[in-house]
Amino acid sequence: MARERGHRAKAWAAIVSGLLLLTLSGCAMSHKPDGETYEIPSLRVVFLDRPQIQAKYEEITGQSAVMMTPRLALDTQRRKEAVVGFYDYRTRTIYCPKMDFEICGHELHHAVLGRFHLETSRE
């Protein structure tokens with residue numbers, strides 16, 4: 001019986017050691033670089049309130065700041081929307097409300113990834 005316990009103890013020790021080695025070997029493997037890195041030369045950010053953003057959009061584009069959606073491929077409902085922030089590709093400038101991280105972050109994605117909205121009809 002003592003001999004059986006010895007074998008069981010050794011078997012458990014081997015299993016635990018194997019699991020520990022598998023777990024730790026994951027830490028020792030070389031990893032790919034984390035994430036994606038982008039550099040945007042001469043990026044400029046201009047913080048404006050919403051009426052100023054809409055006026056600036058109309059001044060720069062010559063188009064109305066009010067449009068019909070959907071703008072993204074997954075949207076299905078059409079509705080009126082007004083520009084609340086935008087990225088000017090020509091001057092590499094983001095126009096957004098100062099403390100609205102969602103809008104500013106969205107426009108930053110345009111600076112990094114380019115255009116990703118569907119073409120919209122303007123009013």
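The values are calculated or read from the model by the stated rules, or taken from the named source; none is laboratory data. Keep in mind it's a predicted model, so treat the numbers as computed, not measured. Ideal geometry is used to build each Cβ from the backbone, glycine not excepted, and the neighbour counts take in all protein chains shown. Surface accessibility is based on the protein's heavy atoms, side chains included, excluding ligands, DNA and RNA. Shrake-Rupley method; radii C 1.70, N 1.55, O 1.52, S 1.80 Å.
Structure notes:
- Count Lys and Arg as plus one, Asp and Glu as minus one, and take only other residues whose Cβ is under 12 Å from that of D49; the net charge is then +2.
- Rolling a 1.4 Å probe over the protein heavy atoms leaves D49 with an accessible area of roughly 80 Å².
- Rolling a 1.4 angstrom probe over the protein heavy atoms with all chains in place gives segment 44-113 an accessible area of 63 Å² per residue.
- Residue-level accessible surface for E107, protein heavy atoms, 1.4 Å, Å²: 10
- A 1.4 Å probe over all protein chains sorts D88, D100 by accessible area into D100, D88, starting with the largest.
- Solvent-accessible surface (1.4 angstrom probe) belonging to M68, in square angstrom, nearest 10: 40
- Share of carbon and sulfur in the accessible heavy-atom surface of segment 44-113 [1.4 Å probe, %]: 54
- For segment 44-113, a Kirkwood radius taken over Cα pairs fed into Stokes-Einstein (25 °C, viscosity 0.890 mPa s) yields D = 196 µm²/s.
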